[in-house]
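Asker: Pasting in a structure now, in structure tokens, and then I'll have a few things to ask.
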Amino acid sequence: MISVSLCMIVKNEEAVLERCLKNAGKFADEIIIVDTGSDDKTKKIAQGYTDKIYDFPWRDDFSAARNYALDQGSGDYLMWLDADDVVPEESIRRIRALKEKLPPDTDVVMTPYAVEFDEQGKAVFSYYRERIVKNRRNLRFKGKVHEAIPISGKIFYADIPVEHRKMKWEDSWRNLRIYQKMEKNGETMDSRSLYYYGRELLFHGQYKKGKEIFHRFLEREDGWLENRIDATRQMAYCCYGLKQEENALKALLCGLAYDVPRGETCCDLGRHFFDRGKYEEAIYWYKQALHAKKASRSGAFIQEDCYGFLPAISLCVIYDRLGQKEEAKKYNDLAGTFHPFSPYYLQNKVYFEKGHGVGAKQTA
């Protein structure tokens, strides 16, 4: 059986830390807590679960802090979690089983990371992350923000979901400030940093600068495929924000050059034509989304609704507007198989049963 050291960085996490550590203690052989400047009860809570608590001065570099935590781990393998992560009971059971059967030559264990959930608690946005790595110095985080461990060696995929369950509002400008500081200081940004810098700019409504950064990222040849595909979507959103609709469409279409269309891109194209009343084009792309390639294990951001509910409910609305009620009802029924408690599906169901009303409803 392998031993696993859980290595965490924390700061002012008194609201969530015990929730995380209570479950972590059921599978971790060692818990390492690195505090980057808490002034609440975070360290006191941690003391109830481990005596291996360290201080690390914060210097606007997540990788530096995380790698310091990893360096303290003595287990065969090192695992990371954020304080507001939750390891469900079933995942705890699977980690225990993994410790018994993990092939000894495994270097990296990839597991699903669920970060958004529907009204029933089902994950609707997830992606695979390098969650557990062999205790070797060459397996360390890189990147000051949106840090990741470049994977190498033998990779093992495990269906052990970790859920990111926030309970407090964080400083949403922190990451953008770090990237802006890097740019101001003339620091070289690798392709991953450019991609995430662009996402931060878009999130904060800085569309012109965001478009520029995404363009710089896409011009590079070393960008990861899934990031390149997603960057075309993010650039399109910047163009929409700048009222450049034609450029937005061109950006989305550029994403088709990298691989077979992803459901996310198909839905964006469907929405583009839907919003402009071009229903035949919208129908084409939403139907493509229903059969699109889902790169689940690639590490790509997966928006589950783009492969089922969203195109189905959108097709329902389009066919209703075209006066094709039976076809519209068929797609609303399909949407219900994905989200049976969705208010949009339920409202549409009543509408079709009564045969009258204001028309089928779609998500925002």
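Asker: Relative to the longest principal axis of the C-alpha atoms of the chain, give the angle of the C-alpha long axis of helix 263-275, reported between 0 and 90° and rounded to the nearest 10°.
Answerer: Once rounded, the angle reads 40 degrees.
Asker: Length gain on complete extension for the stretch Leu346 to Lys41, per 0.36 nm per residue less the alpha carbon to alpha carbon distance?
Answerer: Extra length available between Leu346 and Lys41 comes to 105.3 nm.
Asker: Averaging sequence separations of C-alpha pairs under 8 Å and six or more residues apart, then dividing by the length of the stretch 209-294, give the relative contact order as a whole percent.
Answerer: 23 percent
Asker: If you take the Cα Rg of the stretch 183-264 and divide it by 2.2 N^0.38 Å, with N the number of residues, what do you get?
Answerer: On the way: Rg = 12.2 Å, N = 82, 2.2 N^0.38 = 11.7 Å.
The reported ratio for this selection is 1.04.
Asker: Determine the share of the stretch 68-109's accessible area contributed by carbon and sulfur atoms, expressed in whole percent, with a 1.4 angstrom probe.
Answerer: Details: 760 of 1620 Å².
The C+S portion of the solvent-accessible surface of the stretch 68-109 is 47 percent.
Asker: Another question about this same structure. Largest first and to the nearest Å, give the Cα extent of the stretch 142-283 along each principal axis.
Answerer: 45, 40, 38
Asker: Find the Cα radius of gyration of the stretch 13-116, compare it with 2.2 N^0.38 Å by division, and give the number to two decimals.
Answerer: 1.11
Asker: Report the residues of the stretch 37-58 in range of a label on Trp173: point 7 Å along Cα→C-beta, backbone N strictly under 17 Å from it.
Answerer: It comes to no residues whatsoever.
Asker: Within the stretch 161-269, which chymotrypsin sites (Phe, Trp or Tyr not before Pro) sit in a loop by DSSP and count at most 12 neighbouring Cβ atoms inside 10 Å? List each step's numbers first, then the result.
Answerer: Values: sites: Trp169, Trp173, Tyr179, Tyr195, Tyr196, Tyr197, Phe203, Tyr207, Phe214, Phe217, Trp224, Tyr237, Tyr240, Tyr258; in loops: Trp169, Trp173, Trp224, Tyr258.
Listed in order of number, the matching sites are Trp169, Trp173.
Asker: Could you report the stretch 38-197's accessible area per residue, 1.4 Å probe, as an integer in Å²?
Answerer: Values: 7980 Å² over 160 residues.
With the other protein chains kept in place, the stretch 38-197 gives 50 Å² per residue.
Asker: While we're here: Just need the relative contact order of the chain here, percent rounded to a whole number, with Cα pairs under 8 Å and 6+ apart.
Answerer: 12 percent
Asker: State the dimensionless ratio Rg/Rh of the stretch 142-210 (Rg: radius of gyration of Cα atoms; Rh: Kirkwood radius).
Answerer: 1.05
Asker: What do you get for chymotrypsin sites (Phe, Trp or Tyr not before Pro) in the stretch 1-110 restricted to DSSP loop and a cutoff of at most 14 other Cβ within 10 Å of the site's Cβ?
Answerer: Working: sites: Phe27, Tyr49, Tyr54, Trp58, Phe62, Tyr68, Tyr77, Trp80; in loops: Phe27, Tyr49, Trp58.
Sites meeting the loop and neighbour criteria: Trp58.
Asker: So which residue, out of Met182, Met79, Met235, gets the largest mean-square fluctuation from a GNM of the chain using Cα contacts under 10 Å as springs?
Answerer: Met182
Asker: Could you work out the longest stretch of the chain that avoids the trypsin sites (Lys or Arg not before Pro) located in DSSP loops with at most 13 other Cβ atoms within 10 Å? Don't jump to the answer; show the numbers that get you there.
Answerer: Numbers: sites that count: Lys26, Arg59, Lys122, Arg136, Arg137, Lys154, Lys166, Lys168, Arg220, Lys243, Arg276, Lys278.
Result for the longest clean stretch: 279-364.
Asker: Amide H to amide H, which residues 5 or more places from Ile132 or on other chains are under 5 Å from it, using H placed in the peptide plane?
Answerer: Val109
Asker: Calculate the length of the line joining the C-alpha centroid of the stretch 66-138 to that of the stretch 302-341, in whole Å.
Answerer: 35 Å
Asker: Can you report the principal axis dimensions of the stretch 1-72 using only the alpha carbons, biggest first, rounded to whole angstrom?
Answerer: Cα spread of the stretch 1-72 along its principal axes, largest to smallest: 37, 24, 17 Å.
Asker: Another question about this same structure. Given the pairs Lys22/Lys168; Lys330/Lys354; Lys101/Lys294; Lys287/Lys354; Lys11/Lys44; Lys26/Lys168, which are separated by over 23 angstrom at their Cα positions?
Answerer: The answer is Lys101/Lys294; Lys287/Lys354; Lys26/Lys168.
Asker: Using a 1.4 angstrom probe with every protein chain in place, what is the largest-first accessible-area order of His146, His272, His291, His164?
Answerer: Result, largest first: His291, His146, His164, His272.
Asker: Another question, if that's okay. For the chain, find the longest principal axis of its Cα atoms and tell me its angle to the long axis of helix 191-203, 0 to 90°, nearest 10.
Answerer: So the inclination is approximately 60 degrees.
Asker: Of Met167, Met235, Pro112, whose Cα points farthest to the positive end of the dipole of the chain (charges on the beta-carbon: +1 Lys, Arg; -1 Asp, Glu; origin at the Cα centre)?
Answerer: Value: Met235.
Asker: So, one more: Name the residue farthest towards the positive end of the dipole of the chain from the options Ala97, Pro311, His146, assuming +1 on Cβ of Lys and Arg, -1 on Cβ of Asp and Glu, about the Cα centre.
Answerer: My answer, from the dipole projection, is Pro311.
Asker: Something else about it: For the stretch 205-336, what are the per-bin percents of Cα-Cα distances with bins 10 Å wide, up to the bin holding the maximum?
Answerer: 13, 40, 32, 12, 2
Asker: Oh, and also: So what is the calculated 222 nm ellipticity per residue for the chain, using -39500 (n - 2.57) for each DSSP H run with n of 4 or more, over all residues, to the nearest 500 deg cm²/dmol?
Answerer: Details: 14 runs with 165 residues, N = 364.
Helix-only estimate at 222 nm: -14000 deg cm²/dmol.
Asker: Give me the Kirkwood hydrodynamic radius of the stretch 70-206, using the inverse of the mean 1/r over all pairs of distinct Cα atoms, in Å to one decimal.
Answerer: So the Kirkwood estimate lands at 17.0 Å.
Asker: Now a separate question. To the nearest 20 Debye, how big is the dipole of the chain about its Cα centre, given +1 on the beta carbon of each Lys and Arg and -1 on that of each Asp and Glu?
Answerer: 280 debye
Asker: For the stretch 18-162, what relative contact order do you get, as a whole percent, if you take Cα pairs closer than 8 Å and at least 6 residues apart?
Answerer: Relative contact order, the stretch 18-162: 27 percent.
Asker: A further question on this structure: Treating only the Cβ atoms of Lys and Arg (+1) and Asp and Glu (-1) as charged, compute the dipole magnitude of the stretch 18-118 about its Cα centre; round to the nearest 20 debye.
Answerer: For the stretch 18-118, the charge dipole is close to 420 debye.
Asker: Given the whole protein assembly as supplied and a 1.4 Å probe, what does the accessible area of Glu116 come to in Å², nearest 10?
Answerer: Rounded to the nearest 10, that gives 100 Å².
The values are calculated or read from the model by the stated rules, or taken from the named source; none is laboratory data. Computed from a predicted structure; not experimentally measured. Neighbour counts run over all protein chains shown; Cβ positions are idealised from the backbone, glycine included. With ligands, DNA and RNA removed, areas are computed over all heavy atoms of the protein, side chains included. Shrake-Rupley method; radii C 1.70, N 1.55, O 1.52, S 1.80 Å.
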